[in-house]
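Engineer: Take a look at the following structure, please.
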Amino acid sequence: MSNYFKHESAYVDEGAEVGEGTKVWHYSHVMGKARIGMGCILGQNVLVSNSVVVGNYCKIQNNVSLYEGVTLEDYVFCGPSCVFTNVQTPRSEYPRADSKHYIPTLVKRGASIGANATIVCGVTLHECAFVAAGAVVTRDVQSYAIVAGVPARVIGWMSAYGDRLDFSQTDEVVDSIGHRYRKSGNDEVIRVC
């Protein structure tokens with residue numbers, strides 16, 4: 001067993017892998033086939049279902065459910081009550097309760113998801129994507145893009161550090177800690193250094 005903290009009201013099922021230094025807070029439940037990296041924080045009332053993978057140093061705020069098919073890479077932030085889905089056509093009378101119906105969702109390194117945002121299954125949030133509070137994401141989000149609205153649309157760009165990137169006057173911008181970003185002709189942003 002690794003060295004992690006589990007609040008007395010939380011459940012971590014046998015077989016779950018939880019990394020060193022991770023904290024599992026009040027009323028959370030980590031199912032037996034879940035894998036969570038080191039240094040993560042799972043807030044109150046978080047569910048991590050079977051076969052979910054959570055990378056290192058992720059912060060999952062209160063009332064978030066990570067259903068089977070969701071993968072979070074390192075340093076992902078999930079704001080309070082953000083929602084992940086894993087079935088595109090749910091029906092109560094005809095349950096899709098096995099993994100052949102689950103559609104994977106990938107959240108790449110450094111991405112942030114705001115409070116009450118909804119991530120529809122089958123999308124990828126690329127590196128350091130930023131989803132605004134309340135947004136509904138129905139398609140992939142590019143690296144460093146800020147998306148907002150219903151459905152979510154690109155409204156700007158953000159550095160890995162969290163600075164807004166203004167490409168209105170130039171194709172290359174430096175953030176407040178010296179990282180350079182370049183915007184290509186096809187509206188993609190890459191970190192140069």
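The values are calculated or read from the model by the stated rules, or taken from the named source; none is laboratory data. If you're wondering where the values come from, they're calculated on a predicted model, not measured in any experiment. Positions of Cβ are generated from backbone atoms using ideal geometry, with glycine treated the same way; all protein chains shown enter the neighbour counts. When the accessible area is computed, the model is the full protein with side chains, heavy atoms only, and any ligands, DNA or RNA have been set aside. Shrake-Rupley method; radii C 1.70, N 1.55, O 1.52, S 1.80 Å.
Engineer: Name the residues in segment 80-121 that are under 17 Å from Cys58 (Cβ atoms) and of a type in the set (Lys, Arg), would you?
Structural biologist: Residues satisfying the conditions are Lys108, Arg109.
Engineer: Report yes if some residue within segment 94-108 is part of a strand (DSSP E or B), β-branched (Val, Ile, Thr), crowded, with 16+ Cβ neighbours inside 10 Å and more than 10 Å from the chain's Cα centre (by Cα); otherwise report no.
Structural biologist: No, segment 94-108 contains no residue that is part of a strand (DSSP E or B), β-branched (Val, Ile, Thr), crowded, with 16+ Cβ neighbours inside 10 Å and more than 10 Å from the chain's Cα centre (by Cα).
Engineer: Right, something else. Among the residues of segment 15-41 satisfying the criterion of being over 15 Å from Val70 (Cα atoms) and part of a strand (DSSP E or B), which is most open to solvent (accessible area, probe 1.4 Å)?
Structural biologist: Within segment 15-41, the match that is most open to solvent (accessible area, probe 1.4 Å) is Glu17.
Engineer: Is at least one residue of segment 120-142 without any contact (Cβ under 8 Å) to a residue 12 or more places away in the chain, part of a loop (DSSP other than H, G, I, E, B), open to solvent by 10 Å² or more (accessible area, probe 1.4 Å) and not aliphatic (A, V, I, L, M)?
Structural biologist: no
Engineer: Can I ask one more? Have a look at Gln44, Gln61 and point out the one that is open to solvent by 10 Å² or more (accessible area, probe 1.4 Å) and within 14 Å of the chain's Cα centre (by Cα).
Structural biologist: Gln61
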